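Accompanying notes for the structure given below.
The values are calculated or read from the model by the stated rules, or taken from the named source; none is laboratory data. Quick caveat: nothing in here was measured; it's all calculated off a predicted structure. Cβ placement follows ideal geometry from the backbone for every residue including glycine, while neighbour counts extend to all protein chains displayed.
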Amino acid sequence: MYPASVDAPFGDQLEESTTKHKKRRNINMCYIIITTSNLVWFLCTLFASMLLITALVTPKWLIGPNAMAVPKLSGPLDNNALGGEFLDLGEKTHASEVRYPSVGIYTRCTVMHHQGYHCGAFDLDGFATDSTVYPNEWKATMFFLLLGFILLSITVLLTLVTCCRQSAFGKSLHNMTACAQVLAGISVLLSLFMHPLGWRAQRVQRLCGMEVEPFYLAGCSIGSSMYCASAGALLTFVAAALSVWAESSNLRTRVRRRVEEGNMLVCIP
């Protein structure tokens with residue numbers, strides 16, 4: 001038997017070693033924390049990115065003033081019937097469909113003689129397309145909007161990572177994600193500012209009239225795509241603000257207690 005004076009230090013060392021082992025095990029284990037604020041933050045970021053990609057690909061930034069009647073065909077396609085006006089096609093035509101010409105960042109919709117109402121891209125060479133066809137201001141719009149969408153898409157993934165990990169490289173993941181979302185929002189705002197600067201282009205003059213000027217649409221109207229981009233920018237800044245709420249919810253006492261109890265999945269409203 002060892003003396004009591006020897007047993008006591010040995011027992012303290014054993015207890016301290018066991019405590020360190022438990023702490024090390026808790027640190028190495030992966031926890032998933034899901035709270036209401038985390039879920040709202042994720043959904044807001046996801047919805048904002050969906051709005052941005054919608055604004056990016058749809059040709060509805062500007063809507064022309066001249067409505068065109070496009071016939072709906074039920075029979076074989078007749079090239080002579082596709083002229084952008086109402087035609088009497090007998091049994092082949094049920095009714096005419098009213099369409100408005102429109103233009104986006106790199107796409108346009110118009111009535112073509114042999115194709116009817118047609119939507120397609122006009123940036124055939126990308127950013128190298130001639131500026132008379134693809135205005136430089138719209139190239140900048142494309143760049144900043146695409147940059148904002150990429151940054152926001154990355155933060156969608158980061159919002160999921162924050163459910164498992166709170167920090168990286170000694171920095172809060174919530175703060176890093178919020179900064180990326182702010183940069184994405186600023187980039188989208190720059191794209192919204194650059195697009196009207198290209199309204200002097202010949203393409204816009206043919207659509208809206210010769211009186212069109214930057215920030216003055218003449219006969220045209222703003223389309224749904226620009227509203228989507230504006231709403232996406234607003235939601236991006238809202239998501240950045242929600243990151244503070246999400247971080248504080250992960251640090252609540254109830255969450256910490258559940259983690260210390262060894263729960264792998266923590267779901268708290």
Among residues of the stretch 216-230 being under 18 Å from the mean Cα position of the chain (by Cα) and aliphatic (A, V, I, L, M), the residue nearest to M50 (Cα to Cα) is A229
| said: Would you confirm, using the coordinates I've provided, whether N38 is in contact with a Pro (Cβ under 9 Å, 6 or more places away or on another chain) and modelled with pLDDT under 95? | reply: no
Those residues of the stretch 204-225 that are crowded, with 19+ Cβ neighbours inside 10 Å and not polar (S, T, N, Q) come to a total of 7
Scanning the stretch 231-269 for residues that are crowded, with 18+ Cβ neighbours inside 10 Å and among the hydroxyl-bearing types (S, T, Y), the one modelled with the highest pLDDT turns out to be T236
- Message: Quick check on S224: is it of a type in the set (S, T, Y) and either in contact with a Leu (Cβ under 9 Å, 6 or more places away or on another chain) or more than 30 Å from G198 (Cα to Cα) (or both)?
- Response: no
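Yes/no matrix, rows are residues, columns are (1) assigned by TED's automatic domain parsing to the domain that holds A178; (2) under 30 Å from S243 (Cβ atoms); (3) free of Cβ contacts under 8 Å to residues at least 12 places away in the same chain:
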{"position": "R99", "(1), (2), (3)": "no, no, no"}
{"position": "V111", "(1), (2), (3)": "no, no, no"}
{"position": "Y117", "(1), (2), (3)": "no, no, no"}
{"position": "G126", "(1), (2), (3)": "no, no, yes"}
{"position": "N136", "(1), (2), (3)": "yes, no, no"}
{"position": "G148", "(1), (2), (3)": "yes, yes, no"}
{"position": "L152", "(1), (2), (3)": "yes, yes, no"}
By my count, strands (runs of 3 or more DSSP E) wholly in the stretch 93-198 with at least 2 residues that are among the small types (G, A, S) are 93-99, 116-121
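On the given criteria, is S249 touching a strand residue (DSSP E or B) at 6+ places or on another chain (Cβ under 8 Å) and either in the same structural domain as W138 (by TED's automatic domain parsing) or among the aromatic types (F, W, Y) (or both)?
For S249, the condition - touching a strand residue (DSSP E or B) at 6+ places or on another chain (Cβ under 8 Å) and either in the same structural domain as W138 (by TED's automatic domain parsing) or among the aromatic types (F, W, Y) (or both) - is met.
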Screening T132, T107 for residues that are within 29 Å of P65 (Cβ to Cβ) and free of Cβ contacts under 8 Å to residues at least 60 places away in the same chain leaves only T107
Point to revise | So A121, is it farther than 14 Å from C179 by Cα and surrounded by fewer than 15 Cβ atoms within 10 Å (Cβ to Cβ) | key: no
